[in-house]
Structures are given as C-alpha cells and as structure tokens.
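First comes the structure, then the notes that go with it.
Read the figures in this text as sums done on the coordinates, not as results from a lab. Everything quoted here is computed from the prediction, not taken from an experiment. Note: ideal-geometry Cβ built from the backbone for every residue, glycine included; neighbour counts use all protein chains shown.
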Amino acid sequence: MPGKISVLEIIGDPSLAGAPRHLLSIVENLDLDQFTIHVICPPGPLAGEIRKLHRHIDLDIISMHSRWDFAAVSRIRRSIKHIEPDVIHVHGTRAGALGRLAAIGLNIPVIYTEHLWTKQFRLKSRVLTFFHFIGYWFLDLFTTLNIAVSNAVKDFMISANISRAEKTKVIYNGITPSHLKARVFEDKNNFKIITIGTLNPQKGVQFLIRAIPKIKKEFAKVNLDIVGDGPFKRALVKEVKKRKLTSTVQFSGFVPDIEKYLTKFDIYVQPSLSESFGLAITQAMSVGLPVVATNSGGIPEVVTDGKSGLLVEAANPGALASAILTLLRDPAKARKMGEMGQKEVKLKFDLKDMIKELERTYVETAKSPAFSE
C-alpha cells in the first residue's frame, strides 16, 4: 500500500445536521499529504458544502432512499470498485447498511460510525426494531471497526449485539474552539434562550415549549429561539399557538454562521429524549453559554452537571423550567458555568484531537485484514 491512503467516506443523510457536519469536518481537515479523500452522498446541502471546499475531494452523488435501497447498493458497489479505496468509512444507519452491503466480498476494510443510537432511542415498532438489529448484527460480520461518538452509543451497540466490544472504540466529535464570547445576561431586561437541532419528536423541543409559561411567570421578558427544521415543525408551531407563545417563541430555520449567532443568547437548552453526543451543545459551550440539558444518551459525557451546565430528567417540562430559572436567578453562576464549558470543550472536544485520532485509526485499519465473503 505505497503512497497515500485512499479513504472513501459514505453517508446517507444529505442535510447539514450533526452526522453530515461531522463528515464535513473530516474531509475538510484530513491531511492531504497522507490521504486521498473520496465521498459518496446523496444530492443536497452536504454535497453543496463539500463542493465549496478548497481542496481536492472526489465526490460521487448517489441517492439513498432507505436503509435497504438495493439499487443504491449496486451503484455504491460500482463506485467502490472504480475508486479502489484502502479504507471505507460509513456514517449513520442508512449508509451503514447500504455501504457495508456494497462492500461485501471486495476485501476492503470497513469502518462504521454510529451517530444516533443510545438505549433511549426508539424505532416505530418492536417488530421493526427486531429485524433492524438482526440486519445490523449480520452487517457487523463484515465490519473491521466500529466507532461510537460516545460511550453511551458504544454501550448500546454492544448490549444490542450490533457490535462486538473487541472491535468498537469511542472517538468523540470535535469542533474548532471559538474565539467568540456569548453575551450571557448583558441585557437584564431581555433574556434569550436558544435550542438547535433537527425538528423531530426525539429532540424534545415540545417539552421546552411547555416549560416556557412557568418561566414567564417570573421572567416575563424571556424569548426562545428554535434553530433547525424538520418534519415535526408543524406540530411545534401548533404547540406554540396553543400556549399563546407566538410573541415569545421564534422559529429561525437553518442558520449558516451558528457560532456567531450563538453569541446573542444567554442560555442554551438541549431537551432531547435521545442524544448520542450533542454537537450543538459543544458549539454553545465553546462560546461560553451555560447549558441546560437532559441526562439522556451521551449528554452527561459532554456536560458536567453543576459545573458546565445543569442536567435534568427527559420529557419533563417542570424540570426544564426549574433548571432554566436557576440560571436566570443567578447570572454569576450562569457565567461561571459558561466559562467552565469553554474550558471543557478545549480540553475534551477539540477538532484537532479528533482528526489526529481518526487519522491514526485510518492508518491502522488500512493495514488490517478485511472481513469478506
């Protein structure tokens, strides 16, 4: 395997949510003196962002309509044969299925990164869950290494028998630590709360909306900004209208420069029912925002309860309201938590450290025997 290591990244999510942003940070920062980079992804915002990068990345656009889109498997397999990569890295459940099926028998080491599942995550039915996990147990037979974005994800993958402990490791997501600083209670007459994420029931934004009336009883001039979009937006808008909060809650959709945008706020809230890691939390911590979040999934690995933020029970509007009120009543405590969060991001979630660990992993995996037919 002389010269550079050829790495093929495959993802099925075309958006700019957590996993696609993670992939974007990988292809933007891998050492081009050591690696050549190829990407397979569906058409959409992610592909557009990859094209904007000022580096040589071979991009192949392939639609992936479901986890079992066998037409996509055939197209991905043809692309793999053409590229002849040294390592294939598949991201998320959709590409995790399609990419690994496509690579069977090609004698190429495959890495699978799980960005979503924790013990709190639920599929629509037990039957679907059963067949889903049977499928992923089978695919693990053809996987060289599994990467989990948190210990919570790793523990779940092993306990659900979709990954084996001896070939599973944790690599935390990383971000570039910010040089910006959030306002955090500079305006004592107007308190601004923000949450970020794909708008689906798992993100728990409905419970945050239900917490706002209790907060407004004590702090009338409080506002909530919901950043992101998704299939659950209509239900959330209905919830806001039902509680007569249209002048208090704003839906901002996709925000391009989220780092700068975060500096306008006082508190970041992550009300998720299931969260594998919490990339948006690290972005908020990086600009010095104190965090209120649920203690689900990998969040307790990111937020130190009582130091960089406050952790509460999931699906509990009262607990969310109480934690937010604790910070609103004590600005000094909130600022101190924000400062601690900045330090923790630099220490534990620096993008440079993530890239170095991933580069080491690619080098080691390229030397490993592939699992094949």
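Remarks
- Taking the numbered list (1) without any contact (Cβ under 8 Å) to a residue 60 or more places away in the chain; (2) touching a helix residue (DSSP H, G or I) at 6+ places or on another chain (Cβ under 6 Å); (3) surrounded by fewer than 22 Cβ atoms within 10 Å (Cβ to Cβ) in turn, G278 passes all entries but (3).
- Failed item, numbered, when D155 is tested on (1) touching a residue at least 12 places away in the same chain (Cβ under 8 Å); (2) among the charged types (D, E, K, R); (3) within 23 Å of S286 (Cβ to Cβ): (3)
- Residue that is nearest to D33 (Cα to Cα), among those in region 327-373 that are without any contact (Cβ under 8 Å) to a residue 40 or more places away in the chain and acidic (D, E): E364
- The number of residues in region 195-208 that are over 10 Å from Q270 (Cα atoms) and in contact (Cβ under 8 Å) with a residue 60 or more places away in the chain comes to 4.
- Any hit, region 44-53, residues being in contact with a Gly (Cβ under 6 Å, 6 or more places away or on another chain), outside any loop (DSSP other than H, G, I, E, B) and surrounded by 19 or more Cβ atoms within 10 Å (Cβ to Cβ): no
- Positions within region 204-258 being out of contact with any helix residue (DSSP H, G or I) (no Cβ under 7 Å at 6 or more places or on another chain), charged (D, E, K, R) and closer than 16 Å to S322 by Cα, in sequence order: K216, K217
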